[in-house]
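In what follows, a single structure is set out as structure tokens and then discussed.
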Amino acid sequence: MEHRTTCSYDGCTRSPWWPGDGKFSGVDAFCIFHSPLSDKKRKEFKEAWEIFLANTFSDSRTITSLDCAGFIFPVQIELKNLIITGNADFSRTVFRKDASFDKTMFASADFSGARFESDARFRKSSFAMPAVFKHTEFCDDVSFTNTRFIDEADFSNVSFFGNAHFTHAHFDGKTIFDDARFSRFGFFSDINLSCTTITFGSHSRPYARNKRRTSSHAVFSLSRLWNSFQKQHLKYKSAPILRFFL
Ligand SMILES: [Zn+2]
């Protein structure tokens, strides 16, 4: 059988990794980062990740860019209190354990198609450029509490299987939740909207204008359920602006 000399993940040129005696075969050999063998690779992944990360730092807090597309993290990941000056690419990344990005300043970030299988935290983080969470799956709770989206925030087709906390989040740019799936609760209390448009669902029937908190206007459109929730909560200052259950 053909032995690959590079990882099978599209575009990855790292050497394949295989547990045990180092022998690998077939076309499905992946590097330590892309290998789906989460249980077996844990220890070696940690070591490789530390080296990978060390090479991205330009000083003690600043990371130039992160290309972690398609990585499969078998362990908890903490990238807190950092400044990432270039693109952070976590597209199609799988986080098997908790992932924390609290207080980290992102430039642009791509989490499209990523899957968070445990808790995800972006508390007090900020995104200066587009934050892309298209088709991202949050299997457990996620917190964007006090998170600031300065540019576009794209949550289209995202799946929230746990609670999604957006309390005190700032949405300054175009904000898209079209076809977002909320299986439990979405907490949007005390959000700050200076964005021109925030959309929920692809049916753009504007029925709520939140003049109290927005500098322009907010368009909320979703289902009848959404409609009923906005009627209950939108007009009360202290109550959740948007809280719904689908
Ligand atoms: Zn690879």
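Some notes on this structure:
- Looking only at the range 94-128, residues that are on the phi < 0 side of the Ramachandran plot and not in a strand (DSSP E or B) come to 18 in all.
Here's the yes/no breakdown for (1) part of a loop (DSSP other than H, G, I, E, B); (2) modelled with pLDDT of 95 or more; (3) more than 15 Å from the ligand (Cβ to nearest atom); (4) crowded, with 16+ Cβ neighbours inside 10 Å:
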position: S8; (1), (2), (3), (4): yes, no, no, no
position: S15; (1), (2), (3), (4): yes, no, no, no
position: W18; (1), (2), (3), (4): yes, no, no, yes
position: G22; (1), (2), (3), (4): yes, no, yes, no
position: R92; (1), (2), (3), (4): yes, yes, no, yes
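The values are calculated or read from the model by the stated rules, or taken from the named source; none is laboratory data. Quick caveat: nothing in here was measured; it's all calculated off a predicted structure. Using ideal geometry, Cβ is built from the backbone for each residue, glycine included, and neighbour counts are taken over all protein chains shown.
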